[in-house]
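The values are calculated or read from the model by the stated rules, or taken from the named source; none is laboratory data. Owing to the predicted nature of the structure, the values given are computational and were not obtained by experimental measurement. Positions of Cβ are backbone-derived with ideal geometry, glycine not excepted, and every protein chain shown enters the neighbour counts. Accessible surface areas use protein heavy atoms only, side chains included; no ligands, DNA or RNA. Shrake-Rupley method; radii C 1.70, N 1.55, O 1.52, S 1.80 Å.
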Amino acid sequence: MTTTTKLHPKTIEIVKSTVPVLETHGEQITKRFYELMFSNHPELLHIFNHANQKQGRQQRALAAAVYAAARYIDQLDAILPVVRQIGHKHRSLGIKPEQYPIVGKHLLLAIKDVLGDAATDEVITAWAEAYEAIASVFIQVEKELYDEAAAKHGGWRDFRRFVVVKKVKESGVITSFYLEPEDGKAISDYLPGQYVSVKLSIPGETYTHIRQYSLSDAPGKGYYRISVKREAATADKPAGIVSNYLHDHVQEGDVLELSAPAGDFTLDLSKTTPVVFISGGVGITPLLSMAHTLAIRQPTRPAAFLHAALNGRVHAFDEELRMLAERPSFSYHICYESPSDEDRLHPHFGKEGRIDLAWMQSVIPTKDADFYFCGPVPFMKTVYRALKQWGVPEEHIHYEFFGPAGDLTKD
Ligand SMILES: Cc1cc2nc3c(=O)[nH]c(=O)nc-3n(C[C@H](O)[C@H](O)[C@H](O)COP(=O)(O)OP(=O)(O)OC[C@H]3O[C@@H](n4cnc5c(N)ncnc54)[C@H](O)[C@@H]3O)c2cc1C
Ligand code: HEM
C-alpha cells in the first residue's frame, strides 16, 4: 500500500514544528487524553488493558507513535512498518474505523487542555487534519489485515468461541491451554511467533478483559495452544486479572473467545541462516513455536536455543526442548539465576546467574545468524545491548514485547 498526503504545506509546517512541544508534553497529553476519553466513552474500557493504563506503559507507546507520525507527516509511507505492527495489535483487539474519530476528538481536546494558549486555532486545525491523514493510514492497513484474516482457510473476522480441550501444567507458574473451535470447523494456520487475543467476561468484573497470548506450538495441528504464566501478587503489585483467572477458574470444557492469529514477530522460513532463540521466563512461548516449526520445515537449519529461568521449578517446556535438541543441528542451553543442586546436574545447564555476552558467545557458534528473543523488559535490554556490542546488525535482531512496545536502547 502507498499513502499520499494531501495536506497543505502550511499544515505540514505547523504539525512538524509542534514535535518539540509534543516531546515535552507528550505523556501529559496522552494521559489527559485517556482520562477525557474514558469519562465520555466508558465502553472503551472493555478493550483497553487497565494494568497498562495504570503503569503508564500504554501512554508511552501512544506518545511515541504520535511523535513518529508528526515527524513523518509529509511521508507517512516511512512509518508503514510501525503502523503495520500496531495494526496487528489493533486488528487482534477488534478496533473499528468508527472508533478513530473518538480518539481524534479526545486527543485534540487533550492538546488544548495541556498546551493552553499555545494551542491556537491554527495549531488545532492543523492537527485535526493531520490526525485524519494518520487515522486513514491506520484504517487502511487494518482493513487489509481484517480481510486477510477472514479470507484464510479456517479464518474469521472478530472473536470466535474455542473450547479448552486440554489444560496442562508446564511448570510451577506456567499452564498450557489447548483450544479447539466450538463450531468444529477448520482453524487458520498461523506463522510461528504469532499471538491470539483472548477476551474474557470474568464474574464480578464490570468490563471484559482482552489479553494477548503467543501460540506456543507449531501450526497445522488442528488446535491452538497458549501457555500462560500466573502473574502472582507481590508486596507492591496486585495479582494479574486474566492470568490468575485462567489458572484458577478456566477448566477443560470451558469456552474462551479468541481473535484470529496476528503479529509480525515471525520466523522467516525463506532464510537458511543459522538461527538463535533467546528466551527469558514465559517469553519462551513464541520462540518454542518457531523451534517446533523449524524442526518440521527446516530440520537441518542450524539453531541454538538459550533459555533463562529463575530455576528448574519454574522452567517450562524442558522436555520439548530436550527432544528438539536430539537433532545434531539444534543445541539447547540453560541459564538459571538461582539453581538448586539438582538443577546444576541438568545436561543442558550452562550458566548460573544472569545471561551475559560472554556466555552467549561461548555457546552460540556464530554471530552471523538471525536472533529472535523475548522475555521480561530488563532481560530484553540485556540481550539487545549484548547483541549490539557483539556487532550483530539490526536487521538480524528480532524481538517481541509482552506488552506495549518500548525502547530497548533507553534505561
Ligand atoms: C504479543 C504478546 C504476547 C504475549 N504472550 C504471552 C504468553 O505467551 N504467555 C503469557 O503468560 N503472557 C503473554 N503475554 C502477556 C499477557 O498478554 C498478559 O499481559 C499477562 O498474562 C498478564 O495479564 P493479567 O491480566 O494476568 O495481568 P494484568 O491484570 O494485566 O496486570 C499485569 C501486571 O501489572 C501489574 N499491575 C496491575 N495493576 C497494577 C497497578 N495498579 N500498579 C502496579 N502494577 C499493577 C500486575 O501485578 C501484573 O504484574 C503476551 C503479551 C503480548 C502483548
Ligand atoms: C492514529 C490513531 C492511533 C494510534 C497512533 C495508536 C497507537 C497505538 C499504539 C502505539 C499502541 C501500542 C501497540 C503495541 O506496541 O502493543 C496501541 C495499542 C492499542 N490501541 Fe491504538 N492507536 C490509535 C487508535 C486507536 C483507536 C481508534 C483505538 C480504539 C478505541 C485504539 C485502541 C488501542 C488498544 C485497546 C490498544 C492496546 C492497549 C493495551 O494493550 O493496553 N487505538 N495503539
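For the range 252-410, taking Cα atoms only, what is the radius of gyration to one decimal and the Dmax to the nearest whole Å?
Computed over the Cα atoms of the range 252-410, radius of gyration and Dmax are 15.6, 50 Å.
Please state, as a whole number in µm²/s, the translational diffusion coefficient that the Stokes-Einstein equation yields for the range 243-300 at 37 °C and 0.692 mPa s, with Rh defined as the Kirkwood radius across alpha carbon pairs.
230 µm²/s
For every helix of n ≥ 4 consecutive DSSP H residues, a contribution of -39,500 (n - 2.57) applies; sum these over the chain, divide by its total residues, and give [θ] at 222 nm rounded to the nearest 500 deg cm²/dmol.
Value at 222 nm, helices only, nearest 500: -13000 deg cm²/dmol.
For LYS169 and ILE124 in the same chain, what is the full-extension length gain: residue separation times 0.36 nm, less their Cα-Cα distance, in nm?
The LYS169-ILE124 span can extend by a further 10.8 nm.
Among 349-361, 101-113, how do they line up from the highest to the lowest mean number of other beta-carbon atoms within 10 Å?
In decreasing order of mean packing, 349-361, 101-113 become 101-113, 349-361.
So, R0 is 22 Å and r is the distance between the beta-carbons of LYS367 and THR272; what FRET efficiency does that work out to, to 0.05?
After rounding, the FRET efficiency stands at 0.85.
Per-residue HN-Hα couplings for the range 394-411, Karplus 6.51 cos²θ - 1.76 cosθ + 1.60 at θ = phi - 60°, whole Hz, x for Gly and Pro?
So the J values, rounded to whole Hz, are 3, 5, 9, 10, 10, 8, 9, 8, 8, x, x, 4, x, 10, 6, 7, 9, 6.
Pop out the carbon and sulfur fraction of the accessible area of the chain as a percent, whole number, probe 1.4 Å.
53 percent
Placing unit charges on C-beta atoms (Lys and Arg positive, Asp and Glu negative, everything else neutral), compute the dipole magnitude of the chain about its Cα centre in debye, rounded to 20.
Computed about the Cα centre, the dipole is about 300 debye.
If you stretched the chain out fully between PHE48 and ARG327, how much longer would it get, using 0.36 nm times the residue separation minus the C-alpha to C-alpha distance?
96.1 nm
Sorted by accessible area with a 1.4 angstrom probe, largest first, how do ARG160, ARG32 fall?
I get ARG32, ARG160, largest accessible area first.
Measuring with a 1.4 Å probe in the full set of protein chains, what accessible area per residue, in whole Å², belongs to the chain?
I get 46 Å² per residue for the chain.
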